[in-house]
1. Looking only at segment 778-785, decide whether some residue is in contact with a helix residue (DSSP H, G or I) (Cβ under 8 Å, 6 or more places away or on another chain), in a strand (DSSP E or B) and over 30 Å from residue 669 (Cα atoms).
2. Run down 488, 449 and say which single residue is buried (at least 22 other Cβ atoms within 10 Å of the Cβ), under 24 Å from residue 525 (Cβ atoms) and not assigned by TED's automatic domain parsing to the domain that holds residue 704.
3. Quick one: which helices (runs of 4 or more DSSP H) sit completely within segment 509-596 and have at least 2 residues that are in contact with a strand residue (DSSP E or B) (Cβ under 6 Å, 6 or more places away or on another chain) and closer than 30 Å to residue 609 by Cβ?
4. For segment 336-358, which residues satisfy the criterion of being under 56 Å from the mean Cα position of the chain (by Cα) and more than 14 Å from residue 307 (Cβ to Cβ)?
5. Is it the case that segment 7-14 has a residue that's part of a helix (DSSP H, G or I), surrounded by 13 or more Cβ atoms within 10 Å (Cβ to Cβ) and out of contact with any strand residue (DSSP E or B) (no Cβ under 6 Å at 6 or more places or on another chain)?
6. Could you say which residue among 569, 582 is surrounded by fewer than 22 Cβ atoms within 10 Å (Cβ to Cβ), more than 27 Å from the chain's Cα centre (by Cα), closer than 17 Å to residue 628 by Cβ and outside the structural domain of residue 758 (by TED's automatic domain parsing)?
7. Looking at 318, 314, 305, which one is touching a strand residue (DSSP E or B) at 6+ places or on another chain (Cβ under 7 Å) and either in the same structural domain as residue 347 (by TED's automatic domain parsing) or within 22 Å of residue 403 (Cα to Cα) (or both)?
8. Would you be able to say whether some residue in segment 450-473 is within 20 Å of the chain's Cα centre (by Cα), assigned to a helix (DSSP H, G or I) and touching a residue at least 24 places away in the same chain (Cβ under 8 Å)?
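The values are calculated or read from the model by the stated rules, or taken from the named source; none is laboratory data. The structure displayed is predicted, hence computed values, not measured ones. Positions of Cβ are backbone-derived with ideal geometry, glycine not excepted, and every protein chain shown enters the neighbour counts.
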């Protein structure tokens, strides 16, 4: 089945792209509607996963089915299973024995829009053999995620899912949830719907392995009626669990259980066989006597039926503990109330396992009144009559013993012995149990069973072997931005295998990791630089071969022009891709979407290219050209830097040219209009006491942990409202600082950057409007905290010497109440620039007024001074 594209482009500029809602066929959705609500949760999962797999398998290549999958999962969550998630399907897909490896890889490729050789992914991850893979993989955004880390981690997740870096599951971790920004809507909600994070991501602030990440389906399931002997227990590689007829979990059956349970059963059989042999022997002796009176038979029967288990020779040879176990076995498992004090008659009446002992008892008792065996009270001499009567009793006894032995040898009895005699309960954990709980429950057991609880029933999903918990690493982590343990909460059992970062990196690994670190403004610049050659190897579906040849011929006619030389180079790469294995593909939709998301993230992290490196601008140029080429299905070059001089101002001048490119302008103008509107609404909500967390969400802990630095970026249109309500905003922020300091006293210096961004028109026209406002840096420290005061002094001294501040006409606003403490701190650096505010500022608050746009980078302008 061929699906319609979810990307519509009928205009002229990149911003004219529209993302159309897509879904699987109506036939697929009708199958979902037929999933019976009466099914168990596990059965519902089975049906739903089967429907999804079928829909994916029927889809023609090339395809990018993630938008369809998100819609499918959202529909399941709304109407059938509220907790259904992509990881639910992935777990099922990985554990299905009927799906071969090649099919699974293709299914994954169709979902993520890239089906490529495993080796291609080595640009991003160390690709390991199946037996060397970690149980799970986490593609992680940093704490308080911005759009930069969210996009980078999203692409990392798609690639890890496609290449199955984690053996069981691959997770996308967005701690605390996605940023509440316009960019998130444009990059994720518009193309993938508002359900994208709920259906695909993990948004808790900490992440950890659960049972489903570690579970193995190498399980042998046995019924209660199956024999307990002869079950093969592989060495730490095969587990046996016992289930009822409905597939519900009863118990585990471990190697260590076999001997202790079997010993109790064998002791019982030995005692029981003692009775059986004595009965046969003495019965034959009695009937071999020349003269047997009726009373002799009565006495014999009474004597045998009144024998107790406790009276047997073998029982008396047992230790007190063994005797107690035998008593509990007979009493608790075989349901004879008196235990070892039970007589054979009482035991036969209980008839454990419906073995027909009651018929044996009836036949033996019938011998007492068998008149045809006696004449005048003496046993007849007709041996045929005697042995016919004897054989009838012995046959019933033999048949009853056979049934009873089969019953005793069943797993039903074995599990009852384990629970009621040995007091050994089955070891199991929930499918959501974390690593610590699993480790605790495991103890010295060979394995622990993973179960799913529905109402009062437990359904087994598989087991976790103790040997697997010893493997290192249990989990693999890929970091996208802020690659350090402080800001990524890496669990101790996990190891970093991949890093893409544009900050200082502090990572220790036991094995070589794939690490890309460069000094660029946005981490997505590095992601894009890796994606370009990755996509070029396989991408062959946005242009037909005949079109490529025609374009090559056209470009060759004007090869002297650098633009056409570059176009020819890209066309040759396209043609080379046509000769790769025809099974593989990269969906043009997936390629366009990731470029689109990356471009949005770069524009945000560079504040519309106002803080860039040469790599940043080169990347944006490449993105624009590639995106336009994909939309037009031909190689084009919208923008180049041939006319930009390669000197120290190259990045700045190239950025200006990019911003004057209408394709880019149309996009960032659209973004800015939406952002200005949203920011205005956010300010209003914050003033009303709502959305305060969102207003201050862009907060990072710097300076080794003592400084909390928040930043709020806004546009010229937002300034009047900010100035009008600044006093109320000051109060809200200070109260927030106090609460944060109370929670973590180590955080002592609080900074808030109110940074303005230029308007879209200014950037496009490369002009500067005279502004009648200034950006602000708010500072607050706890009152009476000498250490905080000292740290603030150090920051102020360093800031005053920084290049962006040194030449500025800066003013510092203090409350009149702040003179005693704060003025001294500012005196050395800003003594001549202190002004006193009429508004009642907090006694330990100061505001530094700077030129608009001059302090806009927390990393460059603030972190370096802490």
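1. yes
2. Working: 449 fails: under 24 Å from residue 525 (Cβ atoms).
None of the other options fit; the residue is 488.
3. Values: elements: 523-538, 545-556, 562-577.
Hits in segment 509-596: 523-538.
4. From segment 336-358, those under 56 Å from the mean Cα position of the chain (by Cα) are 336-340, 347, 350-356; that's our starting set.
Correct list: 337, 339, 350, 351, 352, 353, 354, 355, 356.
5. Looking through segment 7-14, at least one residue is part of a helix (DSSP H, G or I), surrounded by 13 or more Cβ atoms within 10 Å (Cβ to Cβ) and out of contact with any strand residue (DSSP E or B) (no Cβ under 6 Å at 6 or more places or on another chain).
6. Working: 582 fails: closer than 17 Å to residue 628 by Cβ.
Unique residue meeting the criteria: 569.
7. Working: 318 fails: touching a strand residue (DSSP E or B) at 6+ places or on another chain (Cβ under 7 Å); 314 fails: touching a strand residue (DSSP E or B) at 6+ places or on another chain (Cβ under 7 Å).
None of the others qualify; the one that does is 305.
8. Among the residues of segment 450-473, at least one is within 20 Å of the chain's Cα centre (by Cα), assigned to a helix (DSSP H, G or I) and touching a residue at least 24 places away in the same chain (Cβ under 8 Å), which makes the answer yes.
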